Amino acid sequence: MSGRSGAKRPNFLVIVADDLGFSDIGAFGGEIETPNLDALAATGLRLTNFHSAPACAPTRAMLLTGTDPHIAGIGTHEEVLAPSQRGKPGYECYINERVVTLPQLLGDAGYLTLMSGKWHLGSSLETCPATRGFARSFALLPGAANHYASSPKAGTGFPKQDTLYTEDHKFVDLPEDFYTSDGFTTRMIDYLGEREDKTRPFFAYLAFSAPHWPLQAPDDLIAKYRGRYDAGPEALREERLARLKELGLCAKDIEAHPIVAKNKPWVEMNAEERARSARAMEVYAAMVERLDWNVGRLVRHLKETGEFDNTLILFMSDNGAEGALIEAVPVFGPYLMDFIDKYYDNSLENIGRPNSYVWYGPRWAQAATAPSRLYKTYTSEGGIRVVAFASGAGLARKAEIGHAFSTVMDVMPTLLELAGTTHPGAEYRGRPLEPMMGRTLAPYFAAESDEVHPGDAVTGWEFFGRRGIRKGDWKAIWIPAPEGTSDWQLYDVAADPAEMHDLASAEPARLAEMLALWDDYVARTGIVMVDIRT
């Protein structure tokens, strides 16, 4: 690729969707209209074995630091920080000083670094994007907020509108017509258009907060999907699975994990319950289509300025689809439900509008994560195997489907290599650093290698006390009941990607090896274990 051969350095555009499911876009088997993403994916490299953290903030830390979130400061979400974790290294709930960020190093290498979108890596001006290497930034600091500016604001409860958004080093108000996906994209296009030196390469990070709840979208797009989901999530799941097989994104004989959910199946719902559930999915689909429309706006801008052909585009979700029954989450569910009852209108005809506040639950989520097990916050494949593709500048693997295991930690070393620069090692500007844990994807993108990680590579995950450790094709996970058991489980994820057949009893020596690797992972990353059940 160009950065590796010494030619003109490529621009980088990294696009992250929030809680997007594996099969939500057309190129990955979905029925939602996403022509712009589909076009990029079809001409690029679709990554079917790309892994994130089980939740949004840890993934973003991995992306921007190339290392484990427990090392980078995002061992858990600030909203659920346990007393035993407070003050411990890796639990600062912002990117700490033990790491250096991708925009810092690319900025040092001469790149213009730009961000627009969700941050979730620090909730203050002292920890906002402008302090971690972005020359220009427009950011939503917390993990979730209304998508419209016209939703309930400060003084009415949760959250405070006037401390949500920053531009560069200050808090800013939103225009009345603001909608997140539109506003984030417009600001990124503005930043690109305002550059004084158009020959300078750029790193642009566009981090959508869609389609994260609350599910809100323009009325006309919601109406477009009216009736599309009236057969329910189980039927959609079968439709998506069939399409994944047809596209070659999973094996035709794959054994899919069954749905695991505490809410009613479609067949047990009454007419009103079905209507409300289907409407939530209609709004979700509209949010995804609007995200795609905005990607198209940005791509058109790059083509009009002549920069598209020299831009490498990476697209990914930050975790598996969001399947939680938010109302049942003990950390904030009761307070949130009281707030919604007071300030929002969730009548059927109003769902999706600025003053509504809904989510779609575990059954629709597992239509999107199938054939994998479970969804966001879990260390099973449904929580950490995410939609991702690379497209554009110098990519040798064009119109291909790639099955090599990789993780979001691999993005930073990849872009550094393609930019012709390196990680500084053990020290940066006089302070000690932890090393990157990711591996460059550049040889894989260039078709010089068929794998990203060697067969004995070890990768660990932990979130909410749920655990996972992988070596090669073997993976051990610990998920407490009712979704799991009280014991560690062992899977050959090459032969059993849906994690259906627990081999812990049949392979005791291998399980013992994996548990030793887990203990080593905990020691290396400083994990402070808690069990927060959601």
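Amide H contacts of residue 428: 433, each under 5 Å away and 5 or more positions distant or on a separate chain (H built 1.01 Å from N in the peptide plane; Pro and chain starts excluded). Shown is the FRET efficiency for residue 337 and residue 267, computed with R0 = 22 Å from the Cβ-Cβ distance and rounded to the nearest 0.05: 0.25. So how far apart, in nm, are the two label points at residue 88 and residue 401 if each is 7 Å from Cα heading toward Cβ? With each label point 7 Å from Cα toward Cβ, the separation is 4.1 nm.
Along the charge dipole of the stretch 172-235, which of 233, 188, 209 sits closest to the positive end, that is, farthest toward it, with unit charges on the beta carbon of Lys, Arg, Asp and Glu (+1, +1, -1, -1)? Final value for the positive-end residue is 233. Solvent-accessible surface of protein heavy atoms, probed at 1.4 angstrom with all chains present, puts 182, 177, 18 in the order 177, 182, 18, largest first. Available extension along the chain between residue 487 and residue 303 is 60.9 nm, counting 0.36 nm per residue and deducting the alpha carbon span. Note that the stretch 505-518 has calculated 3J(HN,Hα) couplings of 6, 7, 10, x, 5, 5, 4, 4, 4, 5, 5, 5, 5, 4 Hz, one per residue in order, obtained from phi through the Karplus relation 6.51 cos²θ - 1.76 cosθ + 1.60 (θ = phi - 60°); glycine and proline are x.
Charging the Cβ of each Asp and Glu at -1 and of each Lys and Arg at +1, and nothing else, the dipole of the stretch 482-534 about its Cα centre rounds to 200 debye. Ranking 186, 127, 199 from most to least accessible surface, computed with a 1.4 Å probe over the protein chains only, gives 199, 186, 127. Based on C-alpha pairs under 8 angstrom that are at least 6 apart in sequence, the chain has a relative contact order of 24 percent.
Distance between the pseudo-spin-label points of residue 124 and residue 345 (7 Å out from Cα toward the beta carbon): 4.0 nm. Dividing the Cα radius of gyration of the stretch 226-381 by its Kirkwood radius returns 1.02 for Rg/Rh.
Label-to-label distance for residue 524 and residue 199 is 4.4 nm, based on points extended 7 Å past Cα in the beta-carbon direction.
Per residue, the average separation of C-alpha pairs within less than 8 Å and at least 6 apart gives the stretch 371-502 a relative contact order of 22 percent. For the stretch 437-465 and the stretch 34-84, what is the centre-to-centre distance using only Cα atoms, to the nearest Å? Centre-to-centre distance over Cα atoms comes out at 14 Å. Looking at the chain, the accessible area is 35 square angstrom per residue; that uses a 1.4 Å probe and ignores ligands, DNA and RNA. Run through the stretch 74-142 and list the trypsin sites (Lys or Arg not before Pro) located in a DSSP loop whose Cβ has at most 15 other Cβ atoms within 10 Å. Passing sites in the stretch 74-142 are 86. The stretch 485-521 and the stretch 347-375 have Cα centres spaced 31 Å apart.
Heavy-atom surface analysis with a 1.4 Å probe gives the chain a carbon and sulfur content of 52 percent of its accessible area. Close amide H pairs (under 5 Å, H built 1.01 Å from N) link residue 47 with 388, 389, 390, 402, residues at least 5 positions away or on another chain. Overall form of the stretch 91-138: oblate. Here a/c, set by the Cα gyration tensor axes a ≥ b ≥ c, is 1.5 or more, and a/b is not larger than b/c. Length gained on full extension, residue 501 to residue 325, computed as 0.36 nm times the residue gap minus the Cα-Cα distance: 60.7 nm. Backbone amide hydrogens, once placed in the peptide plane, bring residue 207 within less than 5 Å of 16, 116, 117, 118, excluding anything fewer than 5 places away on its chain.
Could you state the number of Å between the C-alpha centres of the stretch 283-334 and the stretch 201-215? Comparing the Cα centres of the stretch 201-215 and the stretch 283-334, I get a distance of 6 Å. The dipole here belongs to the stretch 176-329: it is taken about the Cα centre, uses +1 on the Cβ of Lys and Arg and -1 on the Cβ of Asp and Glu, and is about 280 debye.
For the stretch 36-51, the residues whose amide N sits under 20 Å from a probe point set 7 Å from the Cα of residue 447 along the beta carbon direction are 40-49. The largest accessible area among 317, 505 belongs to the first residue in 505, 317, and the rest follow in falling order (1.4 Å probe, all chains). All C-alpha to C-alpha distances of the chain, sorted into 10 Å bins beginning at zero, yield P(r) values of 4, 19, 32, 29, 14, 2, 0 percent in whole numbers. Packing here is the average count of other Cβ atoms within 10 Å per residue, and on that basis the peptides 256-262, 235-241, highest first, run 235-241, 256-262. Taking every alpha-carbon pair in the stretch 391-534 and binning the separations at 10 Å intervals from zero gives 10, 32, 31, 21, 6, 0 percent. Between residue 234 and residue 176, the FRET efficiency from the beta-carbon distance, with R0 = 41 Å, is close to 0.50. Counting only DSSP beta bridges with both residues in the chain, the antiparallel share comes to about 55 percent.
The values are calculated or read from the model by the stated rules, or taken from the named source; none is laboratory data. Since the model is a prediction, treat every value here as computed from it, not as a measurement. Using ideal geometry, Cβ is built from the backbone for each residue, glycine included, and neighbour counts are taken over all protein chains shown. Only protein heavy atoms, including side chains, enter the accessible area calculation; ligands, DNA and RNA are left aside. Shrake-Rupley method; radii C 1.70, N 1.55, O 1.52, S 1.80 Å.
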